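To start, the structure itself, in structure tokens.
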Amino acid sequence: MRPDQRDIPEWLQTPQRYQPVADRDSFVSRNLLAVTSVLARFRLDDGHSGRLSPTAGSKVVLGLTCILLTSLARNHLFVLFVLAGVLARASLLPPRALARVAAGSGAAAGLTLLVMAPATLLGQPQSALSLATKSLVCVAITLIVSVTTAPSDLTHLLRRMGVPGIAILTVDLALRSIVCLGETAGEVLAALSLRSVGRNRRKQSSMGGVGGVVLLKAGRSAQDTHDAMRCRGFDGEYRVARHDMRPGWPDVACLVLLSLLLALFLYLQKVI
Amino acid sequence: MHIPENYLSPSTCAVAYAVMLPIWRIAAKRVSAEVPREKVPLIGIAAAFSFLAMMFNIPLPGGTTGHAVCGTLIAILFGPWPACLAISIALAIQAVFFGDGGILSFGANCLNMAFVLPFIGHSIYSAIRERVGGRRGELIGAGVGAYVGLNAAALLCAIEFGIQPLLFTDASGAALYCPYPVSVAVPAMMLGHLTVAGLAEVGFTVGILAFVRSAAPSFGIEDRSASKASFAPVLGLVAALVAACPLGLLATGDAWGEWATEDVAEMVGYAPSGLADGWEWSSLMPDYSVGALPEWAGYMVSAMIGVALLVIVFRLVAQATKGAVDFDV
């Protein structure tokens, strides 16, 4: 026995074949992080009105009517007419707004096609296409109204419609906080993914902790915002000036478009 | 010239895709490297010209119809590689949304109209530009390039149709796909394209090029300055073409090689089995029409959807493209 081998303890001389179990954090890194990153991109509070934009009221009424009529339409041509209008409007949006509308509506249409895949495989591709087109149109209209309307205009509109101040405050805070909370959830999940090395069951049980952190953060943010608003004299009432939302000729154009759509809808429903 | 589904054998379609895949890859690389980010959306507008030109059907000798493609026009304005990409996307929208051209035969359609047409057209245009200078040289080059380019594409398309009965027949010798051999397909297609469709391509190309050069000189890749205001006349022309596209319905009859299976059966006495039993894509608005409503309404809605989609696609591409830093400025 060589001197150096004599000094080494016996347990250390035993050959070891250590093969660490493959780390599995796809649940955290793929599923949950993906969901929260989508939430972080779900920004609905940074819309801008264009120079020729109608008032928020006209846009919301026209948008809601289009969505309602598209959903009720039995004639596919009506949906295609609305689709043509939506695509024409979307093609004139600023690049970032266009990318957001395209991503959101494309995802909705893709999801619908996926859900309707059995119908396609059973020989009914038209129903899948029809539903996917309707989803695309409805989501695109919602996103176009969102990206072309300033959040303050929406607040204004809600107040003019007589919605209670506390409801407006809740919606306002929710719209502004949803992105921040998505980012917070993403950060906490990234920390969890980095700290939890190897395979263990505690990763999934930590999800409750992530939810708790986000909840606490949400509560604290809401309280901070509310306190700041109180400091600036907010007493729970939104006061709006009447002249701020005076209708102009773009609103008249909206009204004409709305009438044409209604007439077309009624005519096409009869044609079937 | 839009080859429908099942007129070519799956192996012919596979060969066409195999040829087109590297071409699309090179085209995407060249567009990304050579076209400035602010010019990419303009390719979408140029593609809209092509899309709309293909909707204007023209009656051809022999009772069939044809149309212009404007491939040489896009190649002159932006170069042949961007033209290849633009026409490919226009053809994809036509195939997927309107059933104009097949999904399986999409590669073959792109090979004819998005590769052969703009490259041959642009080569002839460049050769003439070298010899004849000025505005006259540009328009003559555009006209001759457009004419030769369209006819070269039509010839290749006719050959693709014509080789089918030579290569693919059943045990009784009946054709499985397109039933007409080269000796029939080439004269039948070339007669219409050499006489009327080629001239229509010249008219569209020279007319739009002359208009664009005088109304919006910075529309194109040569002028690197991009001002939004200067493109209003071009957008106006696109809107006018959308409004006028129902004129394309005045030409009755089908284009050569774009018949329904029943019509083929009536003409040749049997329905080729590959054609009758082949796979078919269910498009959103088959033949640019919907239901029992007037054809012109469906045609205009289709034109609006197609043009808007092309503009959106190229604007999204521009958004995704990284802006290059010009160190010379």
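Has the range A:79-87 got any residue that is in contact (Cβ under 8 Å) with a residue 24 or more places away in the chain, assigned to a loop (DSSP other than H, G, I, E, B), over 19 Å from B:Ala318 (Cβ atoms) and facing chain B (nearest Cβ under 8 Å)?
No, the conditions are met nowhere in the range A:79-87.
Search the range B:240-252 for residues being exposed (fewer than 15 other Cβ atoms within 10 Å of the Cβ) and in a helix (DSSP H, G or I), and hand back the single one that is modelled with the highest pLDDT. Spell out the reasoning first.
Of the range B:240-252, the ones exposed (fewer than 15 other Cβ atoms within 10 Å of the Cβ) are B:240, B:243-244, B:250, B:252.
Add one more test, that the residue is in a helix (DSSP H, G or I), and what stays is B:240, B:243-244, B:250.
Details: B:Ala240: 91, B:Ala243: 87, B:Ala244: 88, B:Leu250: 78.
So the residue we want is B:Ala240.
Look through A:Ala228, A:Ala167 and report the one residue that is out of contact with any helix residue (DSSP H, G or I) (no Cβ under 7 Å at 6 or more places or on another chain), within 30 Å of A:Leu68 (Cβ to Cβ), modelled with pLDDT of 75 or more and more than 14 Å from every other protein chain (Cβ to nearest Cβ). Lay out the reasoning, then the answer.
Numbers: A:Ala228 fails: within 30 Å of A:Leu68 (Cβ to Cβ).
So the residue among A:Ala228, A:Ala167 that is out of contact with any helix residue (DSSP H, G or I) (no Cβ under 7 Å at 6 or more places or on another chain), within 30 Å of A:Leu68 (Cβ to Cβ), modelled with pLDDT of 75 or more and more than 14 Å from every other protein chain (Cβ to nearest Cβ) is A:Ala167.
Among the candidates B:Ala271, B:Ala265, which residue alone is in a helix (DSSP H, G or I) and either small (Gly, Ala, Ser) or within 12 Å of another protein chain (Cβ to nearest Cβ) (or both)? Show your work before the answer.
Numbers: B:Ala271 fails: in a helix (DSSP H, G or I).
One residue alone meets the criteria, B:Ala265.
What do you reckon, is B:Val202 over 20 Å from B:Leu8 (Cβ atoms), crowded, with 22+ Cβ neighbours inside 10 Å and among the β-branched types (Val, Ile, Thr)? Explain how you work it out, then say what you get.
Working: over 20 Å from B:Leu8 (Cβ atoms): yes; crowded, with 22+ Cβ neighbours inside 10 Å: no; among the β-branched types (Val, Ile, Thr): yes.
Here the answer is no, as B:Val202 does not meet what is asked.
Have a look at B:Val196, B:Val182, B:Val132 and point out the one that is touching a residue at least 40 places away in the same chain (Cβ under 8 Å) and among the aliphatic types (A, V, I, L, M).
Details: B:Val182 fails: touching a residue at least 40 places away in the same chain (Cβ under 8 Å); B:Val132 fails: touching a residue at least 40 places away in the same chain (Cβ under 8 Å).
None of the other options fit; the residue is B:Val196.
Which one of these is within 14 Å of another protein chain (Cβ to nearest Cβ) and either modelled with pLDDT under 85 or under 27 Å from the mean Cα position of the chain (by Cα) (or both): A:Val214, A:Val271?
Every option except A:Val271 fails the conditions.
Quick one: how many residues across the range A:48-78 are more than 14 Å from chain B (Cβ to nearest Cβ) and part of a helix (DSSP H, G or I)? Even if it seems obvious, please write down each step before you answer.
Restricting attention to the range A:48-78, the residues satisfying the condition of being more than 14 Å from chain B (Cβ to nearest Cβ) are A:48-49, A:52-72.
Checking which are part of a helix (DSSP H, G or I) leaves us with A:56-72.
Matching residues across the range A:48-78 total 17.
For the range B:22-64, which positions are under 13 Å from the mean Cα position of the chain (by Cα) and of a type in the set (S, T, N, Q)?
We begin by selecting, within the range B:22-64, every residue under 13 Å from the mean Cα position of the chain (by Cα); these are B:46-57.
Hits for the range B:22-64 are B:Ser50, B:Asn57.
Scanning for something under 20 Å from B:Ala108 (Cα atoms), crowded, with 18+ Cβ neighbours inside 10 Å and in contact with a Pro (Cβ under 6 Å, 6 or more places away or on another chain), does the range B:139-161 turn up at least one residue?
Checked against the condition, which is being under 20 Å from B:Ala108 (Cα atoms), crowded, with 18+ Cβ neighbours inside 10 Å and in contact with a Pro (Cβ under 6 Å, 6 or more places away or on another chain), the range B:139-161 yields no hits at all.
I'm trying to understand the selection: among the residues of the range B:23-45, which are out of contact with any helix residue (DSSP H, G or I) (no Cβ under 8 Å at 6 or more places or on another chain), touching a residue at least 60 places away in the same chain (Cβ under 8 Å) and part of a helix (DSSP H, G or I)? Walk me through it before giving the result.
Let us first name the residues in the range B:23-45 that are out of contact with any helix residue (DSSP H, G or I) (no Cβ under 8 Å at 6 or more places or on another chain), namely B:25, B:29, B:32-33, B:36.
Filter once more, so that each one left must be touching a residue at least 60 places away in the same chain (Cβ under 8 Å): B:32, B:36.
Once the filter is applied, which keeps residues that are out of contact with any helix residue (DSSP H, G or I) (no Cβ under 8 Å at 6 or more places or on another chain), touching a residue at least 60 places away in the same chain (Cβ under 8 Å) and part of a helix (DSSP H, G or I), the range B:23-45 yields only B:Ser32.
Just checking, which of A:Gly182, A:Gly186, A:Gly236, A:Gly208 is modelled with pLDDT under 80 and not in a helix (DSSP H, G or I)?
Details: A:Gly182 fails: not in a helix (DSSP H, G or I); A:Gly186 fails: not in a helix (DSSP H, G or I); A:Gly208 fails: not in a helix (DSSP H, G or I).
Sole residue among the options that is modelled with pLDDT under 80 and not in a helix (DSSP H, G or I): A:Gly236.
Out of A:Leu131, A:Leu154, A:Leu189, A:Leu136, I need the residue that is under 30 Å from A:Arg239 (Cβ atoms) and touching a helix residue (DSSP H, G or I) at 6+ places or on another chain (Cβ under 7 Å). Which one?
Values: A:Leu131 fails: under 30 Å from A:Arg239 (Cβ atoms); A:Leu189 fails: under 30 Å from A:Arg239 (Cβ atoms); A:Leu136 fails: under 30 Å from A:Arg239 (Cβ atoms).
Only one candidate passes the filter, namely A:Leu154.
Taking the range A:100-136 on its own, how many of its residues are crowded, with 16+ Cβ neighbours inside 10 Å, at the interface with chain B (Cβ under 10 Å from one of its Cβ atoms) and within 22 Å of B:Val40 (Cβ to Cβ)?
Qualifying residue count for the region: 2.
Being of a type in the set (Val, Ile, Thr) and modelled with pLDDT of 90 or more is true for just one of A:Thr133, A:Thr148. Which residue is that? Show your work before the answer.
On the way: A:Thr148 fails: modelled with pLDDT of 90 or more.
Just a single option satisfies the conditions, and that option is A:Thr133.
The values are calculated or read from the model by the stated rules, or taken from the named source; none is laboratory data. Please read these numbers as outputs of a predicted model, since none were measured by experiment. Neighbour counts run over all protein chains shown; Cβ positions are idealised from the backbone, glycine included.
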